[in-house]
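The values are calculated or read from the model by the stated rules, or taken from the named source; none is laboratory data. Keep in mind it's a predicted model, so treat the numbers as computed, not measured. As a convention, Cβ positions derive from the backbone with ideal geometry for all residues, glycine included, and neighbour counts pool all protein chains shown.
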């Protein structure tokens, strides 16, 4: 087992789990988890963009075995259902991250069951670096059993899986990390302020096994994932948990905005109007 | 202009005889080589002489004559069947070996080698010393050679075969003048063409220039085969037209190695390392669908010694336990010295061995499946077109610039993407029509409606104009002006305007959304 190290996510005892949970904040570079889910709208490319950025970040920071010097040239598998292709298109080679351009294998599945089969086969393959899946909505086939099956297979064979759920609802799942991602305004390029810049996303980690939830602004900078945390506001009479689940969404740099009612989270209605924050330029919250 | 190339041509003047002598392991002119001996090939009219040794040549045997004719001159001549296939095999090995003088070598069958020594001569102390080194190395191996260096392969070949030995044609020399004294046979022409030239009275390279190019052009009309056209060969010789050469590529042999953190001195540790190596090697062999017939185990000791152990197997195998057990018997007498720091296992001889179906599930449970097995399973269930990978295709139109190929096919050669092109992450199968508010005729887009929603455009870059491919598309195809846009919510798209107002190819331009950026 030179390559396929197990993903060490399993906790030894319940006590470990209890103490470890919510102990450490998520940051880039923490390594891969067996299965993560990313919820995004099918009307934008943010879901797969963020999935690739997170997976590539984990892949770059993967633990190297002793004496493992060779470059990792394993394939990257991208599974799409027909519905996902119809909604958001197929991968375009010239626009892919340069590291995976020439080793991408694309799988087109007609049905959701076929996509799940392909995903499971992909995580069981030792010549695969990581797997991206793209399904639309909340298919009946993707119930908790199927999700658990994928997580266990990924954990056993050490191939991380990132499942992008386009327009999905946050149903039951065994994913180790669950994100809700939407596009964020990009940073201005140095030479042309009018042009769109390096992609940025607003990513909300709303369920993770070993991290507390939070909201980050993710973007790629010089081949590295950089994150900038939105500091949640303690709102009187509101549970922080509810707050963090509420798609706090529109909190941008130096801007004041109210949460969008279109957020798919069920908790958003209760916290509507509460999610107002102003970030000072150095990232500190100044006003709640 | 790029500096001229330097090509080293080596002619193994008596290659077949030298090789025969090496297999007989006798020195030149000694033992079996002292008697007249010829190598023959079987032809429709009986055996014909393909190569002669010095003694046979002295007694009158010539290459190309029938063996029966040679026997009348010298009844004692001994005939041995030649081995052209073996000669070619040896020549290939020599071509790879000859890369010690240059990064690139090509075969020049039946008995020559071409090596590119551009900008490497200084490593040997100049071209004259490089040639001396070549002579010395081939002499040690028992091959008689002639070698020359020239700016083109044609000139180097001509000098090796017909010029003075060890001649060097410097880049600043007048090639035409230096080579004009060589016979026309130095042009690598076919026999019949040489006959025609001889009948025309053209014997030297210099004389070809006296006739006039037009006359030769009319006389030799075959432009396809350079060997039939003296003008093409002359141009190749002088470097006026390029001559493609096929380099020899050494075969990659499966090779695995372990660099050890601490030098090991004990047998048990070595067995563990060997077990790991065998498992790695088996996986490597499984990937290329081969089984090992011969395995070389090399142990690098700390003090610089290398211990080699070779294992030959009766049949192609991929069983790690089998390999470990067989090697274990050969490792008993190894002196580890101060320790072994690097262990390498190489399958120097491998034969095709199809994957065994019986234990595929068990192996998959333990190590995961191989990529080929993964692709096989998916194509069986989802169909052959479901598993593919994107490759580049030579077109500027985005949807045509990418083709889908089976995942394990070798990638076709293509020009890389241009760095300054910013392209979307995903491309819609069909570009979707959008309604755009913009200033005609070619202003920046300001607002658009796509799938029922209105997007306010906050930032825009463009246009990048992609013209229709007139050699393929109909005349009514319109140009496209692409814009990368970001709307007020940060969503990034790739849209284009199809046509421009007043281009005479239709009415008002339409807008399409083609790609979704990350």
Of the candidates B:380, B:369, the one satisfying the condition of being in contact with a strand residue (DSSP E or B) (Cβ under 9 Å, 6 or more places away or on another chain) and within 30 Å of residue B:279 (Cβ to Cβ) is B:369
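Condition check ((1) away from chain B (no Cβ under 14 Å); (2) crowded, with 16+ Cβ neighbours inside 10 Å) across all residues:
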position: A:155; (1), (2): no, yes
position: A:158; (1), (2): no, yes
position: A:183; (1), (2): no, yes
position: A:187; (1), (2): no, no
position: A:199; (1), (2): no, yes
position: A:209; (1), (2): yes, yes
position: A:218; (1), (2): no, yes
position: A:221; (1), (2): no, no
position: A:229; (1), (2): yes, no
Residue B:93 meets each of (1) in contact with a helix residue (DSSP H, G or I) (Cβ under 8 Å, 6 or more places away or on another chain); (2) free of Cβ contacts under 8 Å to residues at least 40 places away in the same chain; (3) not in a loop (DSSP other than H, G, I, E, B) with one exception, condition (1)
Expected output for region A:49-70 (first residue closer than 15 Å to residue A:30 by Cα, partner modelled with pLDDT under 90 and in a helix (DSSP H, G or I), Cβ below 9 Å, 6+ apart or cross-chain) is A:56/A:99; A:59/A:99; A:60/A:99
Is region A:28-40 home to any residue that is farther than 15 Å from residue A:130 by Cβ and either within 9 Å of chain B (Cβ to nearest Cβ) or at pLDDT 90 or above (or both)? yes
Of the residues in region A:71-100 that are in a loop (DSSP other than H, G, I, E, B) and more than 10 Å from every other protein chain (Cβ to nearest Cβ), the one that is surrounded by the most Cβ atoms within 10 Å (Cβ to Cβ) is A:72
Of those in region B:208-221 that are touching a residue at least 24 places away in the same chain (Cβ under 8 Å) and in a helix (DSSP H, G or I), the residue surrounded by the fewest Cβ atoms within 10 Å (Cβ to Cβ) is B:209
By residue number, the members of region B:452-488 that are within 9 Å of chain A (Cβ to nearest Cβ) and modelled with pLDDT of 90 or more are B:453, B:458, B:459, B:460, B:461, B:484, B:485, B:486, B:487, B:488
Condition set at pLDDT 90 or above and either assigned by TED's automatic domain parsing to the domain that holds residue B:496 or not in a strand (DSSP E or B) (or both), scope region B:394-405, selection surrounded by the fewest Cβ atoms within 10 Å (Cβ to Cβ): answer is B:400
The condition of being in contact with a helix residue (DSSP H, G or I) (Cβ under 8 Å, 6 or more places away or on another chain) and either surrounded by 14 or more Cβ atoms within 10 Å (Cβ to Cβ) or in a helix (DSSP H, G or I) (or both) holds, among B:161, B:122, only for B:161
### Task
Within region B:409-418, identify whether any single residue is loosely packed, with under 15 Cβ neighbours inside 10 Å, in contact with a strand residue (DSSP E or B) (Cβ under 7 Å, 6 or more places away or on another chain) and within 7 Å of chain A (Cβ to nearest Cβ), and answer yes or no.
yes
Checking B:378, B:425 in turn, the sole residue that is surrounded by 15 or more Cβ atoms within 10 Å (Cβ to Cβ), within 9 Å of another protein chain (Cβ to nearest Cβ) and free of Cβ contacts under 8 Å to residues at least 60 places away in the same chain turns out to be B:378
